[in-house]
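Below: the structure, in structure tokens.
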Amino acid sequence: MKIWSVITDAVTGWTMILRGEEGWRDRFRITAAGLFTALLIFAFVAFLAVAIASTSIGMPGPIGVLIGMFVLALPVTALVVSLLGTRIMLKSDEPVLPVLVPGIFALTAFLIAEGLLAMIGGPAVMLAWLAQGYLLYRLARVATSWNVGIAAAFAVLSVVLLVALRLGLYMLSNAAAI
């Protein structure tokens, strides 16, 4: 499996999802191996983000890099928790891979966009959150049998959970400094 072709297929698949075209599933490898590949690409981008963010202060040690990558992986945690929570609340047996695999590719793009918008200013990051919410809404609409309301609730829950996780982590880190 060539990484560049996987990324190209993911971009094409997401274009098809946003346009509402059929056949988007063929662009993603909706298997455990495809999920692993998506996570591997996300981890690589997160590592690069830590490296780029620390150019002015020097690269942190291995533990610092892992902590930075953990914080950057919170969107993946938010996606998994909101997806599983939605499935539990609906008592649904919808498969998770059709949402997780494309969702992690979307979160990888979100990580890049969020980093670029953070350079402009903090409030600009909210644009990335809005875009992430819309992408997750479109994904839920095409990958599941959920209606508009449930897909919108899933997207909002994912974004709110992401913000709450980061805010909670921020509050914990500041409480330790006091």
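Among the residues of region 18-55 satisfying the criterion of being surrounded by 12 or more Cβ atoms within 10 Å (Cβ to Cβ) and hydroxyl-bearing (Ser, Thr, Tyr), which is nearest to the chain's Cα centre (by Cα)?
Filtering first and then ranking leaves Thr37.
Of (1) open to solvent by 80 Å² or more (accessible area, probe 1.4 Å); (2) part of a helix (DSSP H, G or I); (3) touching a residue at least 24 places away in the same chain (Cβ under 8 Å), Leu165 satisfies all except one. Which?
(1)
Out of (1) modelled with pLDDT of 90 or more; (2) among the β-branched types (Val, Ile, Thr); (3) closer than 24 Å to Ala49 by Cα, what's the single condition that is false for Val156?
With respect to (1) modelled with pLDDT of 90 or more; (2) among the β-branched types (Val, Ile, Thr); (3) closer than 24 Å to Ala49 by Cα, Val156 is out only on (3).
With the requirement that a residue be open to solvent by 60 Å² or more (accessible area, probe 1.4 Å), within 14 Å of Pro75 (Cα to Cα) and of a type outside the set (A, V, I, L, M), what does region 119-139 give you?
Correct list: Trp129 only.
Given the options Val142, Val99, Val159, Val76, name the one that is buried (at least 17 other Cβ atoms within 10 Å of the Cβ), over 14 Å from the mean Cα position of the chain (by Cα) and of a type in the set (A, V, I, L, M).
The unique qualifying residue is Val142.
Out of all the residues in region 126-160, which are of a type in the set (Gly, Ala, Ser), part of a helix (DSSP H, G or I) and either touching a residue at least 12 places away in the same chain (Cβ under 8 Å) or under 14 Å from Val99 (Cβ atoms) (or both)?
Ala128, Ala131, Gly133, Ala140, Ala143, Ala151, Ala152, Ala153, Ala155, Ser158
Answer yes or no as to whether Thr15 is surrounded by fewer than 13 Cβ atoms within 10 Å (Cβ to Cβ), part of a loop (DSSP other than H, G, I, E, B) and not small (Gly, Ala, Ser). Outline the logic, then answer.
Numbers: surrounded by fewer than 13 Cβ atoms within 10 Å (Cβ to Cβ): yes; part of a loop (DSSP other than H, G, I, E, B): no; not small (Gly, Ala, Ser): yes.
No: the conditions fail for Thr15.
The values are calculated or read from the model by the stated rules, or taken from the named source; none is laboratory data. On a predicted model such as this, the values are computed, not experimentally measured, just so you know. Positions of Cβ are backbone-derived with ideal geometry, glycine not excepted, and every protein chain shown enters the neighbour counts. Heavy atoms of the whole protein, side chains included, go into the accessibility calculation; ligands, DNA and RNA do not. Shrake-Rupley method; radii C 1.70, N 1.55, O 1.52, S 1.80 Å.
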